[in-house]
Amino acid sequence: MMNIFKEIQKLEFPVNEYVIVGGGSMMARGIKETYDIDIVVTENLFNLCKDNGWQGHPKPNGDPSLRRENVELYLDVNCGDFNPTFEELRNRAEIINNIPFCSLEDVIDFKKRYNRDKDIKDINLIKEYLGVS
C-alpha cells in the first residue's frame with residue numbers, strides 16, 4: 001500500500017504551488033486506496049518539472065500534463081461546466097500533514113461531471129465518509 005504523504009513529500013514541491021486532487025484526496029482521508037497521484041500545479045512549478053525531465057503526457061482533451069512514475073501533473077482539472085482555477089482549488093484545499101488536498105466538495109463536483117462508474121462509486125464513498133446522503 002502506498003503512503004501518499006511520503007510519496008508527496010519526496011517530490012519536495014513548494015507547498016503553495018500545488019494541490020492534490022482526485023483519488024489522492026480520498027486516500028489522504030482514509031476513504032479509499034489509489035495507485036497514482038494527480039496534482040494540479042502552478043504554471044511555474046509545471047515548467048520547472050518539465051525542465052527537470054518530467055515526461056509530457058497530453059490529457060484526452062489535448063491539455064498538457066506531465067508524468068513521472070505514478071504522479072501526474074496538471075495545470076487544471078477542467079470538467080464540463082466546473083472549471084475552478086488553481087487558486088480556487090488551493091484556497092478551498094484542506095491541509096493534512098502540511099500537504100494541500102482538494103476539498104471533498106470539489107472532488108464530488110469533478111466526479112459528478114466525469115460520471116463514470118468509478119466516479120459514481122467514489123461519490124458514494126465520500127458521502128458515506130461525510131455522513132450525508
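The values are calculated or read from the model by the stated rules, or taken from the named source; none is laboratory data. Just so you know, these numbers come straight off a predicted model, no measurement behind them. Neighbour counts run over all protein chains shown; Cβ positions are idealised from the backbone, glycine included.
Quick look at the numbers
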read-out	value
Candidates Val107, Val21, filtered to the one that is β-branched (Val, Ile, Thr) and in contact with a Ser or Thr (Cβ under 7 Å, 6 or more places away or on another chain)	Val107
Counted residues, region 1-59 - those being of a type in the set (Ser, Thr, Tyr) and in a strand (DSSP E or B)	1
Conditions (1) within 18 Å of Ile4 (Cα to Cα); (2) touching a strand residue (DSSP E or B) at 6+ places or on another chain (Cβ under 8 Å); (3) crowded, with 16+ Cβ neighbours inside 10 Å; number of the one not met by Asp109	(1)
Checking Arg67 against (1) closer than 16 Å to Gly23 by Cβ; (2) free of Cβ contacts under 8 Å to residues at least 12 places away in the same chain; (3) surrounded by 12 or more Cβ atoms within 10 Å (Cβ to Cβ); (4) of a type outside the set (A, V, I, L, M), the condition it does not meet	(2)
The one condition in (1) over 17 Å from Pro14 (Cβ atoms); (2) buried (at least 19 other Cβ atoms within 10 Å of the Cβ); (3) modelled with pLDDT under 95 that Cys102 fails to fulfil	(3)
Region 104-133 residues that are of a type in the set (S, T, N, Q), paired with ones that are part of a helix (DSSP H, G or I) and surrounded by fewer than 14 Cβ atoms within 10 Å (Cβ to Cβ) (beta carbon under 8 Å, 6 or more apart)	Ser133/Lys127
